[in-house]
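S.K.: Take this structure, written in structure tokens, and hold onto it; I'll ask about it next.
The values are calculated or read from the model by the stated rules, or taken from the named source; none is laboratory data. Remember, it's a predicted structure, so these values are computed and weren't measured experimentally. For neighbour counting, all protein chains shown are included, and Cβ atoms are generated from backbone atoms with ideal geometry for every residue, glycine included.
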Amino acid sequence: MANSKENQRREQILEAALNVVVEKGYEKSRMDDIVRVSGLSKGAIYWYYKSKKEVYLSLVNHWVFKYSATLNLIVEEDLTASDQLRALFQFFVKQYQHNARVFKALVEFWSLAARDEDFRIKMQKVYTEFLNLIENILAKGVESGEFDPLDTKIAALSIVVNIEGIIWFAIFDVPDVSAPEYIDTISNFILTGLVKNTNGGNNNE
């Protein structure tokens with residue numbers, strides 16, 4: 001029961017921190033802002049987190065943990081490599097539609113990673129794990145003969161960059177194009193290039 005209440009409090013604090021960092025950015029945000037938005041006392045916030053930086057590093061962990069559970073499930077499912085990649089793309093579309101603020105916050109964390117070593121190490125770890133997950137899917141596709149032979153590291157990096165194109169929609173207005181349409185189109189492009197042409201030749205010819 002105590003752990004449940006503690007987790008609820010942490011979630012309340014981190015949800016408030018997400019709102020604050022999206023509204024004000026990291027540099028202009030203060031612990032007092034998180035206190036105000038959370039509705040908790042200052043003492044309650046400082047019981048869990050000693051500084052603004054600690055809150056935001058925990059916020060990265062919080063969302064990585066949430067996303068990782070589903071992403072790992074996708075990899076573990078008995079699907080073809082193509083279907084696993086499609087599921088991965090669709091997962092991010094659904095997350096964007098559910099809570100675009102997370103993608104706005106990611107831009108702030110990118111910026112912090114360029115200036116703060118702790119954030120750089122944290123974000124490096126996150127992206128390394130994500131790249132490894134995609135590399136494993138690609139390697140599975142190559143090994144099964146579903147995909148043409150390729151450099152899985154470069155291909156995984158390309159997929160990550162294309163997925164993160166969804167951040168554009170969280171920040172800018174894009175006339176006549178929606179985030180789901182973007183992801184559907186880009187995922188089709190990627191899969192067309194990956195899947196082995198069973199009629200001979202290659203898909204790009």
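S.K.: Does any residue in region 25-53 that is without any contact (Cβ under 8 Å) to a residue 60 or more places away in the chain come within less than 7 Å, Cβ to Cβ, of a residue that is of a type in the set (Ser, Thr, Tyr) six or more places away or on a different chain, and which pairs are these?
M.R.: The qualifying pairs are Ile45/Ser38; Tyr49/Ser58; Lys52/Ser29.
S.K.: Here's a check for you: in region 52-84, which residue that is at pLDDT 95 or above and among the small types (Gly, Ala, Ser) is surrounded by the most Cβ atoms within 10 Å (Cβ to Cβ)?
M.R.: My answer is Ala81.
S.K.: Also: Could you check how many residues of region 97-114 are charged (D, E, K, R) and farther than 13 Å from Tyr56 by Cβ?
M.R.: Residues that pass the stated criteria total 2.
S.K.: Ok, one more. Sort out for me the helices (runs of 4 or more DSSP H) sitting completely within region 116-205 that have 2 or more residues that are within 17 Å of Gln84 (Cα to Cα) and either modelled with pLDDT of 95 or more or in the same structural domain as Tyr26 (by TED's automatic domain parsing) (or both).
M.R.: 117-144, 152-163, 179-194
S.K.: Only residues that are over 18 Å from the mean Cα position of the chain (by Cα) and either surrounded by 18 or more Cβ atoms within 10 Å (Cβ to Cβ) or without any contact (Cβ under 8 Å) to a residue 40 or more places away in the chain (or both): list them for region 117-141, please.
M.R.: Glu117, Leu138, Ala139, Gly141
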